[in-house]
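First up is the structure itself, then whatever we jot down about it.
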């Protein structure tokens, strides 16, 4: 039962991680411009990127923890 719950959480973290990585701005802009405003103030865009960085790190940490737990259980 706990293994199934960990697998579901692991899949959720993996999908979140993919989504957050795709939202990051590349060298020529990215999907994050849709949420940060195309021509807005630089402070607003920087704040969106900073929060997106935090969410990405949190998803990566959650993914790593569930990965280690699944290895230990299995």
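Summary of computed values
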item	result
Residue match in the range 18-25 (condition: surrounded by fewer than 14 Cβ atoms within 10 Å (Cβ to Cβ), at pLDDT 70 or above and either in contact with a strand residue (DSSP E or B) (Cβ under 7 Å, 6 or more places away or on another chain) or not in a helix (DSSP H, G or I) (or both))	yes
Residue tally, condition within 21 Å of residue 3 (Cβ to Cβ) and at pLDDT below 95, over the range 32-74	2
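The values are calculated or read from the model by the stated rules, or taken from the named source; none is laboratory data. Given the structure is predicted, the values throughout are model-derived calculations rather than measurements. Every residue, glycine among them, receives a Cβ derived from its backbone with ideal geometry; neighbour counts consider all protein chains shown.
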